[in-house]
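Only one structure is covered here, and it is reproduced in the block below.
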Amino acid sequence: MVEMIKLNAEAREEFGKGAARRIRRAHKIPAVMYVNGGEPKHITLPGHESMLALRQANALLSIQLPDGTEQLALPKQVQRHPVTNNLEHVDLLMVFRGERVTVQIPVIITGEPEGEVLINTERTEITVKAEATNIPAHIAVSIAGLDVGAQILVGDVVLPDDVELDDDAEALVVSINAAASVEDMLETAEGEEAPAEEEEPVEGDTEE
């Protein structure tokens, strides 16, 4: 399951692009915590610790607020610099123990199929509902021993206890296809390298 990570937050009094740049220069991250039916909380988070925490999908954060209270939160949206990939802003969603949340869980393909085949992965995530403090870190999908033509659909994936599917059960996760033979690859390569035939000019009347 996803590990809970503690972060100490500070109150944010300044807003706007200039204020956000000053916060980032101080090695902190501007953030907003949202809660259904409540006022959002504007905070700053420690830069390095937040970067490490948000490497994990669906990181469960225990935010220590400036008033001394503790609030659980999940990342809602993470903005990164397009070049450096550094964190620039984080939106968090407040959650509570016992609350069921909808999240996308990474899919990890495990095992080896039979023979020389091609593995075609269509889905890298599956949407599920789970208790906020009991979110799977990933879902393993085994293709061990599968042969050509085998398919695994979203509905075939075995989920952990108390985790409910909230996705299209008929969507394809992974399929096992026949690998191209050496002869097929050579024929394809020869076809790509063959020069195009020149078209002969068509005789006809010409205007002078």
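Every number here is computed from the coordinates shown, using simple stated rules; none is lab data. None of the values given here were measured: they were computed from a predicted structure. Note that each Cβ is placed from the backbone with ideal geometry, even for glycine, and that neighbours are counted across all protein chains shown.
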Practice problem: Pull out the extension gain between Val32 and Ala19, defined as 0.36 nm times the separation in residues minus the alpha carbon to alpha carbon distance; nm, one decimal. | Solution: 3.3 nm
Quiz item: Of Glu99, Glu122, Glu39, which is the most mobile in a GNM of the chain whose springs link Cα atoms less than 10 angstrom apart?
Solution: Glu39
Quiz item: Which net charge results for the neighbourhood of Arg123, defined as the other residues with beta-carbon distances under 10 angstrom from its beta-carbon, given Lys and Arg at +1 and Asp and Glu at -1?
Solution: -4
Exercise. For the chain, with a Gaussian network of springs between Cα atoms less than 10 Å apart, report the residue from Ala73, Ala179, Ala140 with the top mean-square fluctuation.
Key: Ala179
Quiz item: Can you list the lysines whose alpha carbon sits under 24 Å from that of Lys28, skipping same-chain ones fewer than 8 residues off?
Solution: Lys6, Lys17, Lys41, Lys76
Practice problem: Figure the gain on full extension for Thr84 and Thr110 (residue separation times 0.36 nm, minus the Cα-Cα span) and round it to one decimal in nm. | Solution: 6.2 nm
Quiz item: For Asp67 and Val148 in one chain, what is 0.36 nm times their gap in residues minus the Cα-Cα distance, to one decimal in nm?
Solution: 23.2 nm
Quiz item: For the residue pair Met51 and Leu172, what label-to-label distance in nm results when each label sits 7 Å from Cα along the Cα-to-beta-carbon direction?
Solution: 4.0 nm
Quiz prompt | Antiparallel bridges, percent of DSSP beta bridges restricted to the chain (to nearest 5) | solution = 75 percent
Quiz item: Taking square-rooted eigenvalues a ≥ b ≥ c of the alpha carbon gyration tensor, is the chain rounded, prolate or oblate, where a/c under 1.5 means rounded and, failing that, a/b exceeding b/c means prolate?
Solution: oblate
Quiz item: Over the Cα atoms of segment 101-193, what is the Rg over Rh ratio if Rh follows Kirkwood?
Solution: 1.14
Quiz prompt | Volume in Å³ per residue [convex hull over Cα atoms, computed for segment 4-95] | solution = 98 Å³
Practice problem: With everything on Cα atoms, drop me the angle between helix 182-193 and the longest principal axis of the chain, reported from 0 to 90° to the nearest 10. | Solution: 80 degrees
Practice problem: State the antiparallel share, in %, of DSSP beta bridges confined to segment 4-95, rounding to the nearest 5. | Solution: 70 percent
Quiz item: Dipole of the chain, Cα-centred, from +1 at each Lys and Arg C-beta and -1 at each Asp and Glu C-beta, to the nearest 20 debye?
Solution: 3380 debye
